[in-house]
């Protein structure tokens, strides 16, 4: 006996199963999502045994400090009032070796210091570059620093002449020619020793000694270096992410400054926001702003989404620094707090309060990228290029793990004319570049494969399982609809045949012919 209800039963079963397969991942999505986030949070928090701990404590990723130096090729013309013409050479590439020490665990935080050693790497440096043999001519920073400090105390032409004669006697001038190695890593500055001796002699004089002691700047360090080697970051405290993974790696304290500094002119400018740039929270979206505290600048920066990237088969989000952060405080009121003491043109940041002996160092993006157009007119030989000179970072959005980053900063010295000083009397005010750095890190293929194997592949499997359930469930619903339509059509056909049969039988019994048969005979 033929079962007329079989298609309907089959369709009903398929429909129910299909709906269940579609609803199931929807119903469990939030639970699965929270479970995945918890698993990732356990892997990326700062704690012994976590996936990132070893890399956080002593990174094995290849981190390079690439340095490009500027040599002034027309020093005599500069003294006469012509713009400096600079020639760039580099990169002089140094492999970084970082390690955190004096690690102390607190309540949801960890306190430590970090030492970084730099080793010259000829393989990633420019061809035939030797920092111990290559010679450059640049602004004599100690000379300018001492002059500016003395003149800030007594700005009088006759006094300036006395200072200039003294410096000339000490064989010091506006320019300094030395090796690239000394320019970067420092040298014993005899000028500082001579200044200290000169100051001590004046302080020991009767009558004026006490006044001199109050007026003249205190002693300078024995060694002048733009980049110390080894370098210590200073005592730091960051959040471990134990109780809130969104705060992982965020600074709580740096060099005794809890939450904010006392360098800049507003509370907002002084805030210590974000991480050191090596750790980020997981679950990052394109709409997020990430914050980084830059020790070299003594300030925090935010970065915004730029585009999607792929590194060793891992999809990531690339962020860069928005241009409004480089605008002058005279243009952008939000940057007014960084005017120190006066607002500089767009693209410049005065960091003299953040460098040894408060040297007149001003930082910018390399080649004055995103700076005021006037900066380009002050210096010849520069060519800003966003691809080469912009700062960026790329992260894997699910885990927040860094895929690649380049921090690019240019160090300049502010040179102004000073009456009574021969070397400076006719110079034009300018921000003269000394060097720029590209601190670059990139995940290697081995670590990329580990990340895929331990985390990302599992996320991919879960994603495809959900998609598979949707597809199978959708097909089941489709087949169920086909069965129902088929069953309805079959039932309608059977009903029509039955009615025709009943109609024919009734006509034969009454002796009347079927009208269709009559028409057919015609």
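The values are calculated or read from the model by the stated rules, or taken from the named source; none is laboratory data. Bear in mind that the values here come from a model prediction, so they are computed numbers and not experimental data. Glycine also receives a Cβ, built like all others from the backbone with ideal geometry; neighbour counts cover every protein chain displayed.
Condition first: part of a loop (DSSP other than H, G, I, E, B) and closer than 28 Å to residue 245 by Cβ. Now tell me which residues in segment 297-341 satisfy that.
Within segment 297-341, 297, 298, 312, 313, 321, 322 qualify.
Which one of 320, 342, 332, 358 is free of Cβ contacts under 8 Å to residues at least 40 places away in the same chain and either touching a strand residue (DSSP E or B) at 6+ places or on another chain (Cβ under 7 Å) or farther than 26 Å from residue 288 by Cβ (or both)?
Only one candidate qualifies: 342.
Which members of segment 346-364 meet the condition of being assigned to a loop (DSSP other than H, G, I, E, B) and modelled with pLDDT of 95 or more?
Within segment 346-364, 346, 347, 348 meet the criteria.
In the set 234, 277, which member is more than 25 Å from residue 403 (Cβ to Cβ) and either surrounded by fewer than 20 Cβ atoms within 10 Å (Cβ to Cβ) or in contact (Cβ under 8 Å) with a residue 40 or more places away in the chain (or both)?
Being more than 25 Å from residue 403 (Cβ to Cβ) and either surrounded by fewer than 20 Cβ atoms within 10 Å (Cβ to Cβ) or in contact (Cβ under 8 Å) with a residue 40 or more places away in the chain (or both) holds for just one of 234, 277, which is 234.
Does segment 133-144 contain at least one residue that is modelled with pLDDT of 95 or more, loosely packed, with under 14 Cβ neighbours inside 10 Å and part of a loop (DSSP other than H, G, I, E, B)?
Yes: one or more hits.
From 288, 283, grab the single residue that is more than 13 Å from residue 238 (Cβ to Cβ) and modelled with pLDDT of 95 or more.
288
Looking at segment 305-319, which of its residues are out of contact with any helix residue (DSSP H, G or I) (no Cβ under 9 Å at 6 or more places or on another chain) and either at positive phi or surrounded by 15 or more Cβ atoms within 10 Å (Cβ to Cβ) (or both)?
305, 306, 309, 316, 317, 318, 319
For segment 392-470, give me every one of the strands (runs of 3 or more DSSP E) that falls completely inside it and has 3 or more residues that are under 25 Å from residue 61 (Cβ atoms) and in contact with a helix residue (DSSP H, G or I) (Cβ under 9 Å, 6 or more places away or on another chain).
Result: 402-415, 430-442.
I'd like the residue in segment 42-84 that is touching a helix residue (DSSP H, G or I) at 6+ places or on another chain (Cβ under 8 Å) and part of a strand (DSSP E or B) and, out of all such residues, is surrounded by the most Cβ atoms within 10 Å (Cβ to Cβ).
This residue is 67.
Could you check, for segment 413-424, whether at least one of its residues is farther than 27 Å from residue 69 by Cα and modelled with pLDDT of 95 or more?
Scanning segment 413-424 turns up no residue that is farther than 27 Å from residue 69 by Cα and modelled with pLDDT of 95 or more.
Could you identify the single residue in 301, 325, 393, 369 that is surrounded by 20 or more Cβ atoms within 10 Å (Cβ to Cβ) and touching a strand residue (DSSP E or B) at 6+ places or on another chain (Cβ under 7 Å)?
393
Quick one: residue 164 ticks every box in (1) modelled with pLDDT of 95 or more; (2) assigned to a helix (DSSP H, G or I) bar one, so which box is it?
Condition (1) is where residue 164 drops out.
Just wondering, is there one or more residues in segment 107-127 that are loosely packed, with under 14 Cβ neighbours inside 10 Å, in contact with a helix residue (DSSP H, G or I) (Cβ under 9 Å, 6 or more places away or on another chain) and not in a strand (DSSP E or B)?
No, segment 107-127 has no match at all.
Need pairs with beta-carbon distance below 9 Å; first residue free of Cβ contacts under 8 Å to residues at least 24 places away in the same chain and within segment 54-73, second in a strand (DSSP E or B); sequence gap 6+ or separate chains.
Correct list of pairs: empty, since none qualify.
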